[in-house]
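The values are calculated or read from the model by the stated rules, or taken from the named source; none is laboratory data. Note that the structure is a prediction, hence the values are computed from the model and not measured. FYI the Cβ positions are ideal-geometry reconstructions off the backbone, even for glycines, and counts take in every protein chain you see.
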Amino acid sequence: MNLREGTRRLALLLGVVGAIFGGFISYSLLRETMRQRADHQRFEQLANSDLVKEARQWITLAPVQREKALALMTPEHRSKLATVLGFNGTPTPSDVGEIDEGGIKTIRWTKDHRVESLETQDGQTLYPSPAPGAWSYFLAAILPIFGFFIPWGVVRAIGWVTAGFVASPK
């Protein structure tokens with residue numbers, strides 16, 4: 001029995017299996033990171049659109065300024081604004097606005113006039129989410145390497161210790 005050669009082969013075999021397993025986990029992590037990135041970008045794109053900016057400006061106006069602005073608007077613009085901001089005839093907006101334009105169906109506002117969520121015209125509800133950090137990409141890249149070296153190193157260490165007990169004195 002050749003303990004040294006057997007240990008080397010076992011370490012390589014388990015290292016390759018670990019790298020493959022790490023690759024599967026890495027793929028899953030990368031797919032989730034890319035989905036999170038796409039959701040973040042889509043929300044930010046819609047939340048920073050001209051329609052949402054106009055609605056936010058309206059909500060932050062003082063009541064007197066709202067009345068003056070309403071008086072200067074055309075009926076079509078007033079109707080569109082009322083729908084977007086979710087008010088019926090009165091200039092006090094609610095927390096929900098129905099747009100159904102530009103990819104956005106509904107806006108939900110927070111009390112401090114930020115977008116809480118957006119319902120898209122295709123039925124998705126988007127929430128503000130942070131962009132994935134660089135650590136997620138780095139982890140996805142390094143997992144197959146860890147998958148190889150961890151089992152490889154463990155088997156090599158066990159083989160080295162075992163060889164110390166089995167070796168004949170010189």
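Here is how the numbers come out for the structure above:
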quantity	calculated
Test for Ser117: is it modelled with pLDDT under 95, touching a Lys or Arg at 6+ places or on another chain (Cβ under 6 Å), surrounded by 12 or more Cβ atoms within 10 Å (Cβ to Cβ) and hydroxyl-bearing (Ser, Thr, Tyr)	yes
Residue satisfying all of: in the stretch 116-130; of a type outside the set (D, E, K, R) and assigned to a loop (DSSP other than H, G, I, E, B); farthest from the chain's Cα centre (by Cα) among these	Gln121
Among the candidates Ala38, Ala55, residue that is in contact (Cβ under 8 Å) with a residue 40 or more places away in the chain, closer than 21 Å to Thr106 by Cβ and among the small types (Gly, Ala, Ser)	Ala55
Looking only at the stretch 18-75, and only at residues there that are under 29 Å from Tyr127 (Cα atoms) and of a type in the set (Gly, Ala, Ser), the one that is surrounded by the most Cβ atoms within 10 Å (Cβ to Cβ)	Ala55
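Residue by residue, here is whether (1) under 25 Å from Ser136 (Cβ atoms); (2) modelled with pLDDT of 95 or more; (3) in a helix (DSSP H, G or I) holds:
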{"position": "Gly6", "(1), (2), (3)": "no, no, yes"}
{"position": "Arg9", "(1), (2), (3)": "no, no, yes"}
{"position": "Phe24", "(1), (2), (3)": "yes, yes, yes"}
{"position": "Leu29", "(1), (2), (3)": "yes, yes, yes"}
{"position": "Thr33", "(1), (2), (3)": "yes, yes, yes"}
{"position": "Arg37", "(1), (2), (3)": "yes, yes, yes"}
{"position": "Arg42", "(1), (2), (3)": "yes, no, yes"}
